[in-house]
Amino acid sequence: MKLINKISIICAIFFLSNANAAIDGAAGHMVEALPKKEIGKELYNKYCASCHHEKRVGIDGPPLLPANTKKYIEKDLAQKIKDGFPQTLMPKYDFLSLYELHQIARYIQSPVEDNFSWDLNDINKSITSFKDPVNPLKIKDKEQILPVVEREGNQTWIMEDTRILSKFPLNNIHGGIKFTMDAKNIYVPTRDGWVQNYSLESGQRMNKTRACINLRNISLSRDEQNLFATCLLPEQMVVMNPKTMEAKEIINLDGKVSALYEFYTKDEAIFTFRDKAKIGKVDTKTFKITYTDIKEPIEDFFIDPFDKFIIATARGGDVLRVYEIDTLNVVFEHEMKGMPHLFSATYWYKDGNFYFATPHIKKPYITVWKMYDWEFVKKVEIGGDGFFVKTHPYTPYLWADNGTDKLFLVDKKDYSQKIITPRVGKKYIHTEYSGDGKYAYLSIYENNGEIIVIDTDSFKELASYPANVPVGKYNFINKNREFYPRLFGMDIFKEKCNSKLPCDTSKFNSYEKKSFEDFEKTIK
């Protein structure tokens, strides 16, 4: 027995010394040599679970299940973990050893035994009511309302002009807040499937419901009778009563939905899949879905301001395509790298034409395009890849982030630039404006970040508030596509009417006429 024990000790020492050498020189051999799953699981729980859940079903980050990671070989996935995924909120893990990175990669590609389902009973059992005291927000002008998502602070703010009116807690907020058109309620989704109804009148949390395990986005029907949640886990669409937050129906989806967006001109919504070359239209009254086959999957898209077209890209693709909504025929396509975010584009009117601009995945520029005549206009270098470019008729600039502490202001007339540094050494992301455009809100995207309010015209700082990784900001006017023509109308009034009434509209095209009519209603 003593001889056997000595041999065992010698073998163990030999094994460990070789293992240490493997870490330094050949991590791949080390991965094979040592215990696999439990080490990977421990590392995953330490570094990844807070964003992706202990069961890998996703929280802030997406699910990390075999179906989600199978397109990567282990070596490439380990490298992705080390470098961070581009155009996401995931940090780099370059301080981990190659061995540790491979163990995490192996673990998140290992099978899961759970059968993830979430049915009507699960949803309706999850309904949560609150007993918040009535706290009227005393909103002066609903068009100035601005919800703000403080991601790491796990709360949503309600702002108006430079003031914070209220805050309420909600974990894992995903963004994509929806307003009712009377601006009396908002619906706030979370990555892990919850949807919170909040009253902008009483300042109270209403019911909250968990629609699924991992949620993509929400959409409110035009008549506001149905609230839709699209889900990545399980792959389904949930229809809820917006007042009670009870689930009415579950529609199974055969694919990973990119997003669902409602139209404001008809009782329909449109959605795409990131893994299937199909566009779906859903009747928002009957819930009937019709599918149309297309050339390639659509991951990011936006609907034009007049509900006539969708502008779409695939993140791995090289083409921008414009589809006419009624027929779903392609009316324009042009070489273009993918957009980094749903609705990351912005729109404006200039010299008798309508334009949009968009940033691009891993590209240090934004591009400018003419709408309706559908034409590529210009590439504008901004020195880095950002998430958003935004504008408003009140400002002569496109406001773009580029992944640094710089805010790039691109002149809409000649595309010349000026640069502002809101906070030296701290990353700026995403401008939003008040409804009238006079206030601009900037996110300093840091754990010790801020929301900064500046005068859009003079750039004078008016207020700042500490915020822990602030992300999305959603003004009532700028968030609702129904108001986009009205915003164009502001530019048309200045340009074609010389800021005077009455205005000769006899030579206006249909888009100009609609825009001017919508704007004219606001000044009568």
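The values are calculated or read from the model by the stated rules, or taken from the named source; none is laboratory data. Note that the structure is predicted; figures quoted are calculated from it, not measured. Using ideal geometry, Cβ is built from the backbone for each residue, glycine included, and neighbour counts are taken over all protein chains shown. Quick note on the areas: whole protein, heavy atoms, side chains included, nothing else; ligands and nucleic acids left out. Shrake-Rupley method; radii C 1.70, N 1.55, O 1.52, S 1.80 Å.
Across all directions, the average projected area of the convex hull around the alpha carbons of the stretch 80-167 is 11.0 nm².
Based on alpha-carbon atoms only, what is the radius of gyration of the stretch 415-524 relative to the globular estimate 2.2 N^0.38 Å? If you can, show how the numbers build up before the last one.
On the way: Rg = 17.5 Å, N = 110, 2.2 N^0.38 = 13.1 Å.
The reported ratio for this selection is 1.33.
Give me Rg over Rh for the stretch 313-355, both radii from the alpha carbons and Rh done the Kirkwood way, two decimal places.
Numbers: Rg = 12.2 Å, Rh = 12.0 Å.
So for the stretch 313-355, dividing Rg by the Kirkwood Rh gives 1.02.
In the chain, a dipole from Cβ-located charges (positive for Lys and Arg, negative for Asp and Glu) runs towards its positive end, and of VAL471, SER510, LEU64 it is LEU64 whose Cα lies farthest in that direction. Taking all protein chains together and rolling a 1.4 Å probe, ASP94 ends up with roughly 90 Å² accessible.
The calculated Kirkwood hydrodynamic radius for the stretch 339-486 is 15.4 Å, given to one decimal from all distinct C-alpha pairs. For the peptides 431-437, 463-469, the ranking by mean Cβ contacts within 10 Å, running from highest to lowest, is 431-437, 463-469. The eigenvalues of the Cα gyration tensor, multiplied by 5 and square-rooted, give the stretch 352-431 an equivalent ellipsoid with semi-axes of 22, 14, 10 Å from largest to smallest. Across all Cα atoms of the stretch 145-296, the radius of gyration (one decimal) and Dmax (whole number) stand at 15.5, 48 Å.
Counting only heavy atoms of the protein chains, get the accessible area per residue of the chain (1.4 Å probe) and round it to a whole Å² value. Present the calculation step by step, with values, prior to reporting the outcome.
Details: 23180 Å² over 524 residues.
Heavy-atom SASA per residue in the chain reads 44 Å².
Contact order, relative form, for the chain: 9 percent (alpha carbon pairs under 8 Å, 6 or more residues apart, mean separation divided by residue count).
Note on ILE73: accessible area approximately 100 square angstrom, rounded to 10, probe 1.4 Å, nucleic acids and ligands left out. Stretched out straight at 0.36 nm per residue, the stretch from LYS500 to LYS413 would grow longer than its current Cα-Cα span by 29.1 nm. When the chain is described by a simple charge dipole with +1 on each Lys and Arg Cβ and -1 on each Asp and Glu Cβ, the residue from ASN226, GLY384, ASN214 located farthest towards its positive end is ASN214. Protection proxy ranking for 45-55, 125-135, 262-272, using the average of other Cβ atoms within 10 Å per residue and placing the highest first: 262-272, 45-55, 125-135. Taking 7 Å steps out from each Cα toward its Cβ at ASP326 and PHE376 produces label points 2.9 nm apart. Per-residue Karplus couplings for the stretch 321-335, computed as 6.51 cos²θ - 1.76 cosθ + 1.60 with θ equal to phi - 60°, are listed in order as 10, 10, 10, 6, 5, 5, 9, 6, 7, 6, 9, 6, 8, 7, 4 Hz, Gly and Pro entered as x. Separation of the stretch 321-335 from the stretch 159-176 is 37 Å, based on Cα centroids. Whole-Hz Karplus values for the stretch 125-133 come out as 6, 7, 4, 10, 9, 10, 10, 5, x Hz, taken residue by residue from phi with 6.51 cos²θ - 1.76 cosθ + 1.60 and θ = phi - 60°; glycine and proline positions read x. Charge dipole of the chain (Cα centre as origin; +1 on each Lys and Arg Cβ, -1 on each Asp and Glu Cβ, all else neutral): 660 debye, rounded to the nearest 20. Could you list log10 I(q)/I(0) for the chain at q = 0.05, 0.07, 0.12, 0.13 Å⁻¹, which the Debye formula gives when each Cα is one point scatterer? For the chain at q = 0.05, 0.07, 0.12, 0.13 Å⁻¹, log10 I(q)/I(0) is -0.22, -0.42, -1.20, -1.41. Listed values for the stretch 336-347 are Karplus-derived 3J(HN,Hα) couplings in whole Hz (6.51 cos²θ - 1.76 cosθ + 1.60, θ = phi - 60°), namely 6, 6, x, 7, x, 6, 4, 6, 7, 8, 9, 10, and x replaces Gly and Pro. For LYS496, the aspartates and glutamates whose Cα falls under 12 Å of its own Cα, not counting residues fewer than eight places away in the same chain, are ASP351, ASP504, GLU512.
Between the stretch 373-416 and the stretch 190-215, the alpha-carbon centres lie 34 Å apart. Placing unit charges on each Cβ (+1 for Lys and Arg, -1 for Asp and Glu) gives the chain a dipole about its Cα centre, and among GLY255, TYR428, HIS360 the Cα reaching farthest toward its positive end belongs to TYR428.
Taking only protein heavy atoms and a 1.4 Å probe, the accessible area of the stretch 123-219 is 43% carbon and sulfur. Taking Cβ atoms as reference points and 12 Å as the exclusive limit, the residues near LYS80 contribute a net charge of 0, counting Lys and Arg as +1 and Asp and Glu as -1.
Calculated [222 nm] ellipticity per residue, helices only, for the chain: -6000 deg cm²/dmol; basis is -39500 (n - 2.57) per DSSP H run with n ≥ 4, divided by all residues, nearest 500.
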